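Before any comments, here is the structure.
The values are calculated or read from the model by the stated rules, or taken from the named source; none is laboratory data. Please read all numbers here as calculations on a predicted model, not as lab measurements. A quick note on method: Cβ atoms are made from the backbone with ideal geometry, for glycine too, and the neighbour counts reach across all protein chains shown. Side chains included, ligands, DNA and RNA excluded: accessible areas come from the protein's heavy atoms. Shrake-Rupley method; radii C 1.70, N 1.55, O 1.52, S 1.80 Å.
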Amino acid sequence: MGKGNTDAKDLKKSLFSNKKNAGLILKDDEIKKADKFCEKYKSFLDVSKTEREAVEYAIKSLEENGFKEYKAGMELNAGDKIYYNNRGKAVIASVIGSDPIENGINLCVAHIDSPRLDLKQCPVYEESELALFKTHYYGGIKKYQWAAIPLSLHGVIVKADNTKITINIGEEEGDPVFCVNDLLPHLAVDQMKRNLAEGIKGEELNILIGSRPFKDDEISEKVKLNILKILNEKYGIVEDDFISAEIEAVPAFKARDIGFDRSMIGAYGHDDRVCAYTTFQAILKCKNPKKTAMVVLADKEETGSDGNTGLRSAYLKYFIEDLAKGFGVEGRTVLSNSECLSADVNAAFDPTFPDVLEKRNAAYINYGVVVTKFTGSRGKAGTSDASAEFVGKIRKIFNENKIIWQTGELGRVDLGGGGTVAAYVANLDVDTIDVGVPVLSMHSPYEIVSKLDVYMAYKAFSAFMS
Ligand code: MN
Ligand code: MN
């Protein structure tokens, strides 16, 4: 009896998949390391709420770590560290390998834009003696989640004389914050009959910015006048300057620990700054790699990656072509031999909403970094679908480096779906696969990740690039 059981137990252990919670696998000192790593990640989140702020943070860190701005034609040698700033909204960082560049690049690509509310070009108005901003939402949001929460404003305004000013208000203790109003339940009988998608409609995402009138009995729009007067005194701007501005309203919350055990982090913009931060930390620490290592922090993923800072544009290809030319080889040869981790988040299984994921193929909080072979929707439409050979290669690297990892599929078949930048990189003839952190409440103003998963992502990207 006993013997048979032991045989079955051993057999099961050797044959069955054996995924475990990282909290059970990791030693206490490793858990401590993960928690410590995440303290810096939280600080990064608090100062990098937009793509522009993330680039600013990245370039400062790159320069402090000896990376030099790359100029086409620059002579490069193994171990050299370079970066490229694409219009202040995207950045490429690279460490030149000791292998010839035609052997290819180990590339990690993450995005630094997140869903938010953008101001319209003519945003300021007064209605019933309240001043408000009109907005146009950016990326996939559930609009009702953006009402009745504190918002901060970030961005730039280019004035008529083309001088540029930077705006960041609502983050410091003591700063005012802003807000989209919602209706009180007492009077929401009709609103409550709307479906969830229409709970708050696009043109109802108006941000309250003031209520006190300019003291004058003659003129109209006194509240708007008072607000524009304040803005003029503070920033030297007039109403028309909003035409050449990019101002983003984002949740004013700071990143905080979640849970009595402090095992998770709640914050705005984990998608995809969690992969941006971990890939970026990995390249900062990347010393003398064999293959050239590269990290791209891209913009515009949440709107489909179009535009000259998004990954459907040619800037990454041009950058690699310039590098290749410097070594006397063709850019296409380098690309065809390159491999890429498309570093982006995946949905974590949520016990409150179990039906949207197929639980045998879902990603779970604390089960490590998620490897997603394919994304897309319906019959895998829109996916680049990594090959078995490439999945095998990544699996081996992760196992050899003791990375805790899992697989994940974005949702039940035919339920919905989505994509990442993986397909755009793969379309350059690069072997590409999605690898990232599982997220709860993705695309909400307050997303949640596990600290152990964040740390495993960092270790995974480090292992891939070194
Ligand atoms: Mn993403
Ligand atoms: Mn996203």
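Computed values, structure above
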| read-out | value |
| --- | --- |
| Considering residues of segment 313-341 that are closer than 19 Å to Cys275 by Cβ and in contact with a Gly (Cβ under 7 Å, 6 or more places away or on another chain) only, the residue surrounded by the most Cβ atoms within 10 Å (Cβ to Cβ) | Ser338 |
| Yes/no for Lys164 being of a type outside the set (A, V, I, L, M) and more than 32 Å from the chain's Cα centre (by Cα) | no |
| In segment 413-453, residue nearest to ligand 1 (Cβ to nearest atom) [restricted to those that are closer than 23 Å to Glu339 by Cβ and hydroxyl-bearing (Ser, Thr, Tyr)] | Thr420 |
| Every residue from segment 280-308 that is among the polar types (S, T, N, Q) and within 16 Å of ligand 2 (Cβ to nearest atom) | Thr303, Ser305 |
| Verdict on Phe349 being in contact with a helix residue (DSSP H, G or I) (Cβ under 7 Å, 6 or more places away or on another chain) and in the same structural domain as Trp405 (by TED's automatic domain parsing) | yes |
| Filtered residue count, segment 39-60, keeping only those that are among the β-branched types (Val, Ile, Thr) and open to solvent by 60 Å² or more (accessible area, probe 1.4 Å) | 1 |
| Residue match in segment 342-350 (condition: closer than 20 Å to His111 by Cβ, more than 16 Å from ligand 1 (Cβ to nearest atom), in contact (Cβ under 8 Å) with a residue 60 or more places away in the chain and buried (at least 23 other Cβ atoms within 10 Å of the Cβ)) | no |
| Filter result for Asp272 (open to solvent by less than 10 Å² (accessible area, probe 1.4 Å), assigned by TED's automatic domain parsing to the domain that holds Glu339, in contact with a Lys or Arg (Cβ under 8 Å, 6 or more places away or on another chain) and not basic (Lys, Arg)) | no |
| Meets criteria (within 30 Å of Gln121 (Cβ to Cβ) and free of Cβ contacts under 8 Å to residues at least 60 places away in the same chain) for Ala276 | no |
| Residue match in segment 374-386 (condition: at pLDDT 95 or above and either open to solvent by 60 Å² or more (accessible area, probe 1.4 Å) or touching a helix residue (DSSP H, G or I) at 6+ places or on another chain (Cβ under 6 Å) (or both)) | no |
| Those residues of segment 216-261 which are closer than 18 Å to Asp118 by Cα, in a loop (DSSP other than H, G, I, E, B) and open to solvent by 40 Å² or more (accessible area, probe 1.4 Å), in sequence order | Phe253 |
| Number of the exception - Lys36 against (1) within 20 Å of Tyr367 (Cα to Cα); (2) crowded, with 16+ Cβ neighbours inside 10 Å; (3) among the basic types (Lys, Arg) | (2) |
| Residue within segment 441-449 that is aliphatic (A, V, I, L, M) and at pLDDT below 95 present | no |
| Subset of segment 399-417 that is open to solvent by 30 Å² or more (accessible area, probe 1.4 Å), closer than 18 Å to Ser384 by Cα and touching a Leu at 6+ places or on another chain (Cβ under 9 Å) - its residue that is farthest from ligand 2 (Cβ to nearest atom) | Glu409 |
| Qualifying residue in segment 141-156 (condition: within 16 Å of ligand 1 (Cβ to nearest atom), surrounded by fewer than 20 Cβ atoms within 10 Å (Cβ to Cβ) and among the aromatic types (Phe, Trp, Tyr)) | no |
| Residue in segment 300-310 that is at positive phi, open to solvent by 70 Å² or more (accessible area, probe 1.4 Å) and touching a residue at least 40 places away in the same chain (Cβ under 8 Å) present | no |
| Failed criterion for Ser98 (all others in (1) within 16 Å of ligand 2 (Cβ to nearest atom); (2) open to solvent by 70 Å² or more (accessible area, probe 1.4 Å); (3) in the same structural domain as Arg87 (by TED's automatic domain parsing) hold) | (1) |
| Any hit, segment 413-422, residues being at pLDDT 95 or above, out of contact with any Cys (no Cβ under 9 Å at 6 or more places or on another chain) and among the hydroxyl-bearing types (Ser, Thr, Tyr) | no |
| Residues of segment 157-166 satisfying the condition of being of a type outside the set (Asp, Glu) and open to solvent by 10 Å² or more (accessible area, probe 1.4 Å) | Val158, Lys159, Ala160, Asn162, Thr163, Lys164, Ile165, Thr166 |
| Odd one out for Glu75 among (1) within 25 Å of Lys291 (Cα to Cα); (2) open to solvent by less than 80 Å² (accessible area, probe 1.4 Å) | (2) |
| Tally, over segment 21-33, of residues that are in contact (Cβ under 8 Å) with a residue 60 or more places away in the chain and open to solvent by 70 Å² or more (accessible area, probe 1.4 Å) | 2 |
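Listed here are the residues, each with its yes/no results for (1) open to solvent by 10 Å² or more (accessible area, probe 1.4 Å); (2) farther than 22 Å from Phe37 by Cβ.
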site: Tyr424; (1), (2): yes, yes
site: Asp429; (1), (2): yes, yes
site: Gly436; (1), (2): no, no
site: Val439; (1), (2): no, no
site: Met442; (1), (2): yes, no
site: Glu447; (1), (2): no, no
site: Leu452; (1), (2): yes, no
site: Lys459; (1), (2): yes, no
site: Met465; (1), (2): no, no
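Per-residue answers, yes or no, for (1) more than 30 Å from Gly326 (Cα to Cα); (2) within 18 Å of the chain's Cα centre (by Cα):
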site: Asn5; (1), (2): yes, no
site: Lys13; (1), (2): yes, no
site: Leu45; (1), (2): yes, yes
site: Glu69; (1), (2): no, no
